[in-house]
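A quick write-up on the structure given underneath.
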Amino acid sequence: MANKLYNDEQYPSPWGATWREFKQSHIALTGFIILNVFILLGILGPLMTPYEPYAQNFQSILLSPSWENNGTIAHVLGTDAVGRDMLSRILYGIQVTFGASVLLVLGAMVIGVTLGTLAGMNKGVRSSVLNHILDVLMAIPTLLIAIIIVAILGVGLSNAMLAIGLALIPRFVHATRDVVRTEMNKNYIATARLDGASHWHIFYFNILPNLIEHIIVQATLALSIAILDISALGFLNLGAQTLLPELGVMVREGLSTAYIAPWNVLFPGMCIFLLVLSVNIVGDSLRSAIRNRLTH
Amino acid sequence: MLGTLGRYFNLFFITLFILVGLSFVLAFFFPGDPVFNLTGMSLEELPTSAYTKALADERWFVAFWYYVQSLLDGSWGISTITGLDLFAEISTLLPATIELTAYATIVALLVGIPLGFWCGLKHHRKTDYAFMSISMLMSSFPIFWLSLLLILVVSLQLGWLPMSGRLSLLYDIPHYSGFILLDIYVSDHPYRQEALMDALRHMILPTLSVAFLATAVFLRTTRRAVVDVLEQDYIAAAQTRGIPFWKIFLRHIMRNALLAVLPLLAVQVSTLVTNVMIVETITEWPGIGDWLIQAIYERDYSAIRIGMLVVSTVVVFVTLLIECLSKLFDPTQEQFS
């Protein structure tokens, strides 16, 4: 590669180079494709469901998946205890669980990066007080924060999102603060400062380009945590409520008929598992792609 | 060293103070009467004391002072639903949770760290890729689903292990420390041996569910640390001096990698406790997680207040302890910011 460097028509941008490293791995590409399928299903899912997710059909209660002897092709993944179509509910569930997770991660990211940048660029008391509070907040289990928020505000998907978002903010602050602090000590920042650049200018033109891929890696980590926690809270009846087709809620509802209809527990859980797995694979591969790009 | 100890001691007390303050303030945010949320009783039912008087007069700062005192005395109020003394209840619940967390952590450390070393030494080879892929799969399981699957397959389908609880009702073990294995060991029950086996059989499923996820994390963390150490110059220097590999491993790789693993474990404590709490509700393990979640279903705000305080204190204590230890072992680390 090195001898071709001078003959190359153009140098790849940092993102191009990262993508080049990323697609070397088949596992990474598979994970990326699966994640994109999930994103598509999340957006378009409601348009392609064969049934309404709330439509109960007492003619077809607890039907097996279609590949079993007493299943029908009309309900590909079977039905639950009140005859709701599993496939339709899962497609809606992806939208609810995945969509809520993406939204809350975005919110936590914006707040976390802002606070982290402030803590990294300002030295002294302000950042030290902030750090102490954040370290404490980070040590408290998410479930506990969720329990407190639910106790104050009551149950519901938006309250669960608030709780998990609060628990995720410190991660972004930590990551941002560390990067900003190391970058601030480098010479090119000093140069920019000598040129009379304002704080905002330094942040936007010098630090942000170096920060952004760390933040994206952090966001994929946070996303997998958010999906797991949202569904766990739904499962514990502390998040989304029974009517909403959220994947964790579906596992809890399937529990009452788990012995005669195990697919009601199996499929929603499998869906969460695949969702988290694809996010984890993409995040992990992205991290090693960036590491390889920097060491090459 | 004394400085480090002092700083962490200080940090722990400041944090504890903030948490106690938070638990006091939460009583005002929770629905209902703050006095009821703080003590589990209404003003009329409370015994007359300086604390009651401060609460009745709404002199909240004075009341906070007496609140801290009552916490130290062990009079934590009563549950608003069951009317049981919260201190007595938590002292039976907390050991159960600590027990489950400890066993799961031990299993995960014993499996995860050696495997992590193995993968780190073989990095970018087939074994490494295999274990990395497996740990990626393992860490993607939602804990509640995993626990349910284990119960469905191992307990219901195969009938190998009991599906819930901590000990069969047949064995009446007197409460001594709250740690079930210790309690059985010191009791003079005629069927002690059988009770011990039964307790162990109950323990397997919840421990494995929690350890399953923790193992994956420990494995990845250790492997990363080993790979980072292997790239250091002092390893190459030791190799050029012709030191045998096992010696390099013992002297340089193992020590430095373990040092890097320790602070990362501190980050995992809160995840671990969340997982333990979820598994407790599924397997009906009589710990503080199951109790807290029941408390929220029943809107028992007095119990939530104290449960939140106890769990977060324990978690913060353990996290700071691990961080402090890693700082003592390796003073070259970046100063605590």
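Here, each number is a calculation from the coordinates, and none is a lab measurement. Computed from a prediction, not measured in an experiment: that's the story for all the values here. Cβ coordinates were reconstructed from backbone atoms using ideal geometry, including for glycine residues, and neighbour counts include every protein chain displayed.
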(message) If I take all pairs of Cα atoms in the protein assembly as shown, what percentage of them are more than 38 Å from each other?
(response) 40 percent
(message) Taking 51 Å as R0, compute the FRET efficiency from the Cβ-Cβ separation of B:TRP246 and A:PHE58 and round it to 0.05.
(response) 0.15
(request) Work out how much length B:PHE179 to B:SER164 would gain on full extension: take 0.36 nm times their residue separation and subtract the Cα-Cα distance, in nm to one decimal. (result) 3.7 nm
(request) First obtain the Kirkwood hydrodynamic radius of the stretch A:19-292 from its Cα pairs, then insert it into the Stokes-Einstein equation at 25 °C and 0.890 mPa s, and state the resulting D in µm² per second as a whole number. (result) 119 µm²/s
(message) Over all directions, the average projected area of the alpha-carbon convex hull for the stretch B:183-328 comes to how many nm²?
(response) 12.9 nm²
(request) Calculate the dipole size of the stretch B:46-162 relative to its Cα centre from +1 charges on Lys and Arg beta carbons and -1 charges on Asp and Glu beta carbons; express the result in debye to the nearest 20. (result) 640 debye
(message) At q = 0.13 Å⁻¹, what log₁₀ I(q)/I(0) does chain B have when each alpha carbon counts as one equal point scatterer in the Debye sum?
(response) -1.11
(request) Subtract the Cα-Cα distance of B:LYS126 and B:SER75 from 0.36 nm times their separation in residues, and report this length gain in nm to one decimal. (result) 12.5 nm
(message) Rg and Dmax in Å for the stretch B:54-103, alpha carbons only: what are they?
(response) 14.6, 48
(request) Identify which of B:ALA102, B:ALA238, B:ALA63 has the largest mean-square fluctuation in a Gaussian network model of chain B, with springs joining Cα atoms closer than 10 Å. (result) B:ALA238
(request) Kyte-Doolittle cut-off -1.0, length cut-off 30 Å along the helix's own axis using Cα: show which whole DSSP H helices in chain A pass. (result) A:26-48, A:86-121, A:157-184, A:208-235, A:263-295
(request) Using packing as a proxy for protection, rank A:164-176, A:228-240 so that the peptide with the highest average count of other Cβ atoms within 10 Å comes first. (result) A:228-240, A:164-176
(message) Need one value for B:93-106: mean number of C-beta atoms belonging to other chains within 10 Å of its residues' C-beta atoms.
(response) 0
(message) Springs between alpha-carbon pairs under 10 angstrom, Gaussian network model over chain A: which of A:MET48, A:MET138, A:MET109 fluctuates most?
(response) A:MET48
(request) Tell me what the protein assembly as shown gives for mean residue ellipticity at 222 nm when only DSSP H runs of n ≥ 4 count, each as -39,500 (n - 2.57), the sum divided by the residue total, rounded to 500 deg cm²/dmol. (result) -23500 deg cm²/dmol
(message) Given a 10 angstrom Cα cut-off, can you work out which residue in A:ASN210, A:ASN70, A:ASN280 is the most mobile in a GNM of chain A?
(response) A:ASN70
(request) At most 13 other Cβ atoms within 10 Å and a DSSP loop assignment: could you name the trypsin sites (Lys or Arg not before Pro) in the stretch B:151-244 that fit? (result) B:ARG241
(request) Determine the distance separating the Cα centre of the stretch B:255-292 from the Cα centre of the stretch B:66-120; give it in Å without decimals. (result) 10 Å
(message) Relative contact order for chain A: what percent, with Cα pairs under 8 Å and sequence separation of 6 or more?
(response) 23 percent
(message) Compute, for the protein assembly as shown, the length of the dipole vector about the Cα centre, with Cβ point charges of +1 (Lys, Arg) and -1 (Asp, Glu) only. Units Debye, rounded to 20.
(response) 2380 debye
(request) Within 10 Å of each Cβ in peptide B:266-276, how many partner chain Cβ atoms are there on average? Round it to a whole number, please. (result) 4
(message) Can you give me the distance in nm between label points at B:SER49 and A:ILE39, each placed 7 Å from the Cα along the Cα-to-Cβ direction?
(response) 5.9 nm
